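The structure under discussion appears below in the form of structure tokens.
Computed from the coordinates by the stated procedures, all read-outs in this text should not be read as laboratory data. Computed from a predicted structure; not experimentally measured. Please note: Cβ atoms are built from the backbone with ideal geometry, for glycine as well, and neighbour counts cover all protein chains shown.
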Amino acid sequence: MTQVIQLDGVAKRYDSADAPALGPLDLSVAQGEALAVTGPSGSGKSTLLNLVAGLDKPTEGAVTVAGRRIDQLSEHALARFRRERIGMVFQFFNLLDDLTVADNIQLPAQLTGTARRKAATRAGELMEVLGIQKHARAYPGRLSGGERQRVAVARALVNRPALLLADEPTGALDTASGQDVRELLVDLHRGGQTIVLVTHDLALAEACASRTIHLVDGHLALDAHAEAVR
Amino acid sequence: MSRLTIGFGSGALGRVVRSGVGRRRVQTVVIAVAVMMAVASAVVAGSLMVATNAPFDHAFAKQHGAHITAQFDPAKASTAQLKDTGQLDGVTASAGPFPSTTIHPTGPGGGHFPALTLVGRSDPHGGVDDLDLKSGRWAAKPGEIVVSASFAGPDIKPGFTMQTSDAVDSPPLTVVGLAVSASKTADAWATPGQVRALASEDGPVTSQMLYRFDSAGTKEQITGNRKKLAAAVPAEALLGTESWLDTKRAADQGAAPTIPFLIAFGVLGIVMSVIIVGSVVSGAVGTSLRRIGILKAIGFTPREVVRAYVAQALIPAGVGIALGVVLGNLLAVPLLEDTEQVYGSASLTVAWWVDVLVPAVALLVVGIAALVPALRAGRLRTVEAIAVGRAPRTGRGQWAHRAAGRLPLPRSVTYGLASPFAHPVRTTAMLLAVAFGTVAATFAVGLTSSLNAVGKAQDPEDRAAVTAISGVPGDEGGGPRRVEVGQSPPSTDPAKVRAAIEAQPGTASYYGMFQADVTVAGISGSVEATFYQGDSRPGSYEMISGHWITGAGQVVVPTAFLERTGTKIGDTVRVTLGKDTQTLRIVGEAFDGSNDGLSVRADIASFAAAQPQVFQIEVEPGVSPAEYAQKLAAVVKPLGGDVMVNSPSEQENMILILNAMAVLLTLMLVSVAGLGVLNSVVLDTRERVHDLGVCKALGMSPRQTVSLVLASVAGIGVLGGLVGVPVGFALHGFVLPVMGHAAGTDLPPSVLEVYETPQLVLLGLAGIAIALLGALLPAGWAARTRTATALRTE
């Protein structure tokens, strides 16, 4: 099976004197897999996500995502890689408040140089699938939390990424909205989307992920497939 | 509760202020630097404006200038008698007698200097005419001379040696110092013994006395004082006097053209400083709303918040103000030295009250600029303050994002283009900074072009390659000797000189000139006249209106002549040369400021007795002027004439100085504008660092991030250019004629119409350049900021 993520001996230290915030860690995630990363605060979940997203570089080891060794890429190449191969969903949505919903969704496509009409068509498709087409011209500030997260998911998917990274995607949502996003992620996984989901919410991990890893103090404490977790 | 209150006393406030200043180091440094440059500009601008205010009067008062400079015949009035004149009723101070004579020095190459009035003084100081020694030292022994600083140049400086005359055995004089006399009592000074030794039959020794009177403010008072002096010494002992009123008029007229120029730059500098300081500080406080919200949440009162944030702005601004005063004084020194040279005045220094007023006003502006947003922050409800600080205000600029999104440009660029609309006040301040910078650049470019055009238009007769003189060399460096009314012209036959020129191989063209003092009906006293023979177009003046003389009976005059006589082109004037009076028709208004604008230029055929003294010659291409002059001299010298090569005319000192000042002042103003932009973009980038992090997380490359930040100021740059260029153009169109009028002349199109379309387009781009340069640093910072860090930033 093709590996979308391959970490080999990856460690990250923020201060050379301290123990690593993460690792050393070996991890691989196969295409189509939905991996939930759980663990207490400070366990290294966000660090792992940042390394996989190319937002940060490891102190040791190699990070390969979608077949590319990203820890050796320049900032420019990393940006290109990210916009073409990775979609990100954040806890606090991180939508740009001065852009409309449609413009927010189209933004990553436009950064890759996709023609405006093509980007708009793709954004339209996603808005329809995610049920937010009626908000296309609205600004994020006017939407509910669940709707904003749907917009964020649409934005993450606009370039058809090989990998979707979600950082506490329901962490800022009420129960109903959280349920809504959970179903959305399940649907995406069923559609074959590779997902890495960082969450405190074990129920979310159980519902969405085919595999869960549990980090404690930067180390892998548990690596279990769905059946084993249950 | 009481413990809490005590805890929020000055100690807690102090910590908040210190941590606020230290936490935002970039912003703190930018505030300090922007305020420093703005204050420095204001100090320079204020100093220059002060300097323009009666420079002669200030220098005259400082030096205890002489109200009357009198020359006495030492053979008729003894030293004791002259000293006694200092006790006359109404005389408040006197100095002298000093031996005085006139010398005609020559330079190392044999070139003639103007005749110098040389006065023997053993000391530059005194109760009257306390000289300002600008450089070097005072003459202490024979062979040493101190010259007026107005002669200072690349060659004439301490160490320069000249001969006292063109005689082979004339003694050398070494310049040991440069001095300024506001009263213009002499051109040069030496020891009294040296002056007596240099006296000759042509330049006998006279005794110079300098007087200050209790009443010398009017011409009548001067005349009365002069009569007292004449009566106090034996008959005919008083050879002549010079009034300080004449010196003042000449000095004021010389300084007048620079005043509108300096005021224009001064006003630009001060207005821009206020805008930059205001926007920098208010922007800094306005971006701290979230922190203000947190302080309120933990118990700070609104008043404490206001105090904390005003203090937080005052610390870097105070450092900037202090440094700005120092920098302003340092920068003002060379500019004031230039101004001194232009005004010929003694030491101009930064007025003490400028150093007090500018910082005081700057502090006031900083205080108000900080107070307004701090009061607003203090009044905000805590929750609101935190919310305002965290999320951008919705609604502002969203229409701009919609509109920009439709432009056929990369998304990072269109996103940046729309950004300024989210902060209209900050954007307006940035726009004003760019516009003022562009105004300064446009005005300076126009001004330097105009000044260069003025330089080119001056002394058109000096454009000729070779000058042939039909007579003894004049006393003004080989120029034509002016003939007094009724005096016979030189004895050399001009026809023979003309024939020699025509016969000389290599002659391309030539024309003859004759200068004399004439009288003109309606003008008291004499008027300088220049008569031309042959095709004088190569030596013609720039015409403001009308045309250059084309034949006998025509006359060309400067603006001041027309104003003085109340005439216009087409009118006639009666001109008398010797006993010959002719009616000449005014055919042109020349751009000619020589002789206070009182001169006439006519064809030599208008007066039968006029004969050319000087021939201005153009040589054929490929002919060496030096060789040509040498060969022509071999023919002309035996006739009693002389030939000399003209060196390329150099621009007047004043033009060079004004050009240098314009460049320096423009650089300062453009720097301040750039810093204003830098500050605004730093604030903007800090405020949007989270959004930029999101964009980067979505795949915006560093290059795209830079283009986003640069695009956010590009529109402001374009608009600033579009506003600044026409305003600068209009300012030039307003100031130049005022400068011309101050100098007593209208200006020709060649001086006024100096802008070319491509140049204006380039100047328009200067607005963009200022904006982009100001934004480059924060753009790089935004591109380098780690995405993960930016995403964590609130």
Within the range B:461-645, the percent of DSSP beta bridges that are antiparallel, given to the nearest 5, stands at 75 percent
Taking a label point 7 Å from the Cα of B:Asp89 along the Cα→Cβ vector, which residues of the range B:211-237 have an amide N closer than 12 Å to it? B:228
So in the protein assembly as shown, what percent of DSSP beta bridges are antiparallel if you round to the nearest 5? 70 percent
The range B:461-645 - Rg (one decimal) and Dmax (whole number), Cα, Å: 16.4, 49
Here, B:Thr218 and B:Lys631, labelled 7 Å along Cα→Cβ, have an inter-label distance in nm of 6.6 nm
Among B:His741, A:His76, B:His732, B:His58, which comes first, then next, by fewest other beta-carbon atoms within 10 Å? A:His76, B:His741, B:His58, B:His732
State, as an integer percentage, the relative contact order of chain A based on alpha-carbon contacts under 8 Å between residues 6 or more apart. 29 percent
With every atom except the alpha carbons ignored, what do you get for Rg and Dmax of the protein assembly as shown, in angstroms? 41.0, 133
Taking the dipole about the Cα centre of the protein assembly as shown, with the C-beta of Lys and Arg at +1 and of Asp and Glu at -1, give me whichever of B:Ala742, B:Trp399, B:Ala429 is farthest to the positive side. B:Trp399
Residues A:Arg116 and B:Val727, FRET efficiency given R0 of 41 Å [Cβ-Cβ distance, rounded to 0.05]: 0.60
Loop-resident GluC sites (Glu not before Pro) in the range B:681-778 with no more than 11 other Cβ atoms inside 10 Å, DSSP not H/G/I/E/B, are B:Glu756
Whole-number percent relative contact order across the range A:83-142, with pairs defined as alpha carbons under 8 Å at least 6 apart: 46 percent
Show that you can apply the helix-only estimate: for the protein assembly as shown, add -39,500 (n - 2.57) for every DSSP H stretch of four or more residues, divide by all residues, and state [θ] at 222 nm to the nearest 500. -16000 deg cm²/dmol
At R0 = 22 Å, how high is the FRET efficiency between B:Ser170 and B:Arg137 if r is their beta carbon distance? Nearest 0.05 is fine. 0.40
Extension gain (nm, one decimal) between B:Ser594 and B:Ile368, 0.36 nm per residue minus Cα-Cα: 76.2 nm
In sequence order, calculated HN-Hα J values of the range A:209-220 (Karplus, 6.51, -1.76, 1.60; Hz; x Gly/Pro): 9, 8, 8, 10, 10, 10, 9, 9, 6, x, 10, 6
Can you give the extra length, in nm with one decimal, that the chain gains between B:Leu667 and B:Thr161 once fully stretched, where that is 0.36 nm per residue apart less the Cα-Cα distance? 178.4 nm
So the FRET efficiency between A:Leu222 and A:His76, C-beta based with R0 = 41 Å and rounded to 0.05, is 0.65
Assertion target for B:Ser509, B:Ser712, ordered by fewest C-beta neighbours within 10 angstrom first, is B:Ser509, B:Ser712
Subtracting the Cα-Cα distance from 0.36 nm times the residue separation, let me have the gained length for A:Ala30 to A:Ala62 in nm, one decimal. 9.9 nm
